[in-house]
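Q: Could you have a look at this structure, given as structure tokens, before my questions?
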Amino acid sequence: MHAGDFFNAAQSVAEAPTRPAPLQTGRSSGFFLLAGTLYLTRMPSFDITSDVDTQEIDNAINQARKELSQRFDFKGSTATIEWKEKDSKIEMKAEDASRLKSLSEIVIGKLAKRGIDLRNVERKDPAISPLGHATQDFIIKQGLDGEKAKEIVKAIKAKDFKVQSSLQDRQIRVTGKKRDDLQEVIAFCRSSDFGVGLGFGNFRD
């Protein structure tokens, strides 16, 4: 080997880039450094959500109104059911507490039949006016609020799964190296009761 060739080979070995293991983060990606450049690598991930399909809420309310119009015990009643999507609540009104109770039972039954997780339905206490008129609101809980999301993240960490989780816009992003690790988290969440319905989606490989 000529001296020049030996020098070039040695220089190539010296300059050969090394690739450290990806750095794990709370997001669905890792990083590695190659020849002085930082590269992004994707890792398997999914999102934990708690959303209610508003179209199914609308369908349930329409069915409840239909039953209300056909019920003999509500004949001539001024009872009403209103779905206020902007406020994410169902508002019910009746002439008295007894009819309001029947009205709320109708609504709950229709919500359940439409597949709405009733853990996402917060039932406010009825309000009775001096004249006896009764009203009640059902609040539809959408997304994971801060405290609830922290509770779920804490529970996942306590199980020592080989994943990382982070809060992202009223949902939780779970990231891991293997799909099997993610499946373990999903199975755990499904077997646990966190007081709200949970959904799992936005899967990434």
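No value in this document is a laboratory result; all are computed from the given coordinates. Keep in mind that what you see is a predicted model, and the values were worked out from it rather than measured. For neighbour counting, all protein chains shown are included, and Cβ atoms are generated from backbone atoms with ideal geometry for every residue, glycine included.
Q: Please give the charge dipole size of the range 60-205, origin at the Cα centre, charges +1 on K and R Cβ atoms and -1 on D and E Cβ atoms. Round to the nearest 20 debye. Present the calculation step by step, with values, prior to reporting the outcome.
A: On the way: 30 positive and 23 negative charges, 84 e Å.
The calculation lands at about 400 debye.
Q: To continue, here is another question. Taking the Cβ of Ile57 as the centre, find all other residues whose Cβ is under 14 Å away and add up their charges (Lys, Arg: +1; Asp, Glu: -1). Provide the component values of the computation, followed by the final result.
A: Details: positive: Arg65, Lys84, Lys86, Lys89, Lys110, Lys113, Arg114, Lys141; negative: Asp51, Asp53, Glu56, Asp58, Glu82, Glu85, Asp87, Glu91, Asp117, Glu122, Asp137.
Cβ neighbours under 14 Å give a net charge of -3.
Q: In whole angstrom, and with the biggest value first, how far do the Cα coordinates of the range 54-140 range along each principal axis?
A: Principal axes ranked by extent give 34, 26, 20 Å for the Cα atoms.
Q: Within 10 Å of each residue's Cβ, count the other Cβ atoms and sort Thr175, Thr135, Thr78 from fewest upward.
A: Values: Thr175 23, Thr135 15, Thr78 10.
Going from least to most buried by this count: Thr78, Thr135, Thr175.
Q: What's the magnitude of the charge dipole for the range 54-140 around its Cα centre, counting Lys and Arg as +1 and Asp and Glu as -1 at the beta-carbon? Answer in Debye, nearest 20. Walk me through the numbers before you get to the answer.
A: On the way: 16 positive and 15 negative charges, 42 e Å.
It works out to roughly 200 debye.
Q: If you don't mind, another one. Quick one: order Arg173, Arg42, Arg114, Arg190 by neighbouring beta-carbon count within 10 Å, fewest to most. The partial results should precede the final answer.
A: Numbers: Arg173 19, Arg42 13, Arg114 16, Arg190 10.
Ranked by crowding around the Cβ, least crowded first: Arg190, Arg42, Arg114, Arg173.
Q: Which aspartates and glutamates does Lys178 reach when only Cα atoms under 13 Å apart count, and residues fewer than 8 places away in its own chain are ignored?
A: Straight-line reach from Lys178, under 13 Å: Asp205.
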